[in-house]
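> Here it is: the structure, laid out below.
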Amino acid sequence: MISLYKDGVLPIYADRPWMKDIMAHYSTMYIDALLKLCKLLCDKEDYITAHTYAKNGTKLFSYNEKIWLWAIVSLEKTGRKELLAADQRDAFQCLGSEKYTEMISMVGKWYQE
């Protein structure tokens, strides 16, 4: 499902009113599947693959702080600090101050578990 949805649901019809409910349904399914996949990959310490999926997810759903959480946590675990700063900056720009702060709080909770 993750690979099938990489460009959204029927993007050529995205502006049609009848597509809104369909897009919302499949977007929710995609986000749920993506978050579960990223958690599974991080649990298995496959941080590079988790980051690849999460980063692609941020391109479709830049407003979703949970996807950014996995993008940042997985990248941090790889030790690539030069890319981490860029992802954090991108997350701040996409999420805004309030949602970015929530996401950073979630990162801290993730490390406490």
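The values are calculated or read from the model by the stated rules, or taken from the named source; none is laboratory data. The shown structure was predicted, so the numbers you read here are calculated from the model rather than taken from an experiment. Counting neighbours? That spans all protein chains shown, and the Cβs are built from the backbone with ideal geometry, glycine included. Keep in mind that these areas ignore ligands, DNA and RNA; they rest on the heavy atoms of the full protein, side chains included. Shrake-Rupley method; radii C 1.70, N 1.55, O 1.52, S 1.80 Å.
> Taking the 0 to 90 degree range and rounding to the nearest ten, how far is the long axis of helix 20-43 tilted relative to the main principal axis of the chain, both from C-alpha atoms?
The two axes meet at around 20 degrees.
> So what is the 222 nm mean residue ellipticity for the chain from helices alone, if each DSSP H run of at least 4 adds -39500 (n - 2.57) and you divide by all residues, rounding to the nearest 500 deg cm²/dmol? Please report the intermediate quantities before stating the final value.
On the way: 4 runs with 84 residues, N = 113.
The per-residue figure over the chain is -26000 deg cm²/dmol.
> With everything on Cα atoms, drop me the angle between helix 81-112 and the longest principal axis of the chain, reported from 0 to 90° to the nearest 10.
Between helix and principal axis, roughly 70 degrees.
> Let me ask you something else. Report which label in (i) 60, 27, 25; (ii) 108, 33, 16; (iii) 43, 31, 25 holds the value of Cα extents along the principal axes in Å derived from the coordinates of this structure.
(iii)
> With a probe of 1.4 Å, find how much accessible area the chain has per residue, and write the answer as a whole number in Å².
Values: 7160 Å² over 113 residues.
That works out to 63 Å² for each residue.
> Pull out the extension gain between Asp21 and Lys81, defined as 0.36 nm times the separation in residues minus the alpha carbon to alpha carbon distance; nm, one decimal.
Working: separation 60, 0.36 × 60 = 21.60 nm, distance 3.96 nm.
Contour length minus Cα-Cα distance gives 17.6 nm.
> Sticking with this structure for a sec: Over the stretch 1-110, with every protein chain in place, what whole percent of the accessible area is carbon and sulfur at 1.4 Å, could you tell me? It would help to have the intermediate numbers written out before the result.
Values: 3830 of 6730 Å².
It is 57 percent, rounded to a whole number.
> A further question follows. Ala14 versus Glu98, label points 7 Å from Cα toward the beta carbon: distance in nm?
Spacing of the two 7 Å Cα→Cβ label points: 2.5 nm.
> With +1 on each Lys and Arg Cβ and -1 on each Asp and Glu Cβ, and nothing else charged, work out how big the dipole of the chain is about its Cα centre, in Debye to the nearest 20. Before the final figure, lay out each step's value.
On the way: 15 positive and 15 negative charges, 25 e Å.
Rounded to the nearest 20 debye, it is 120 debye.
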